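Please treat every number below as a calculation from the coordinates, not as lab data. Just so you know, these numbers come straight off a predicted model, no measurement behind them. Quick reminder, even Gly has a Cβ in these numbers, built from the backbone with ideal geometry, and neighbours come from all protein chains shown.
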Amino acid sequence: MSPNVYNFHREVLDALASHGLIPGPETSPQQLRNAARDLYKYEIRRLRDRLLAREFPKSDYADRVIALRRRYWLLSVPLELWVLRDQ
């Protein structure tokens, strides 16, 4: 049985690379989504910890969360849209 080979959209590859994720041809979209989600969860917890440590005012928190969500926009895209369709 041959492994699945995935051909990702360029925008998906660029978004993943911005988080240090460089998939191989056999890396599944679900594996990448899980890794990106784990990174997002780490960063949102870190942001909360920084808020609790009073590194920035509470009034800035919402804007910082929104900025973080924008950096992880790929998590809002359905997995089936991450890969190119077979021609």
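Observations on the model:
- The residue among Tyr42, Gln30, His19 whose Cα reaches farthest toward the positive pole of the charge dipole of the chain, with charges on the beta-carbon of Lys, Arg, Asp and Glu, is Tyr42.
- Based on DSSP H segments of at least four residues, each scored -39500 (n - 2.57), the chain has a per-residue ellipticity at 222 nm of -16000 deg cm²/dmol.
- Its relative contact order, with pairs defined as Cα atoms under 8 Å and 6+ residues apart, puts the chain at 40 percent.
- For the options Leu16, Leu32, Leu51, a Gaussian network treatment of the chain with springs between C-alpha atoms closer than 10 Å singles out Leu51 as fluctuating the most.
- Relative to the longest principal axis of the Cα atoms of the chain, the long axis of helix 29-52 lies at roughly 10 degrees.
- Dipole magnitude of the chain, debye to nearest 20 (Cβ charges: Lys/Arg +1, Asp/Glu -1, about Cα centre): 500
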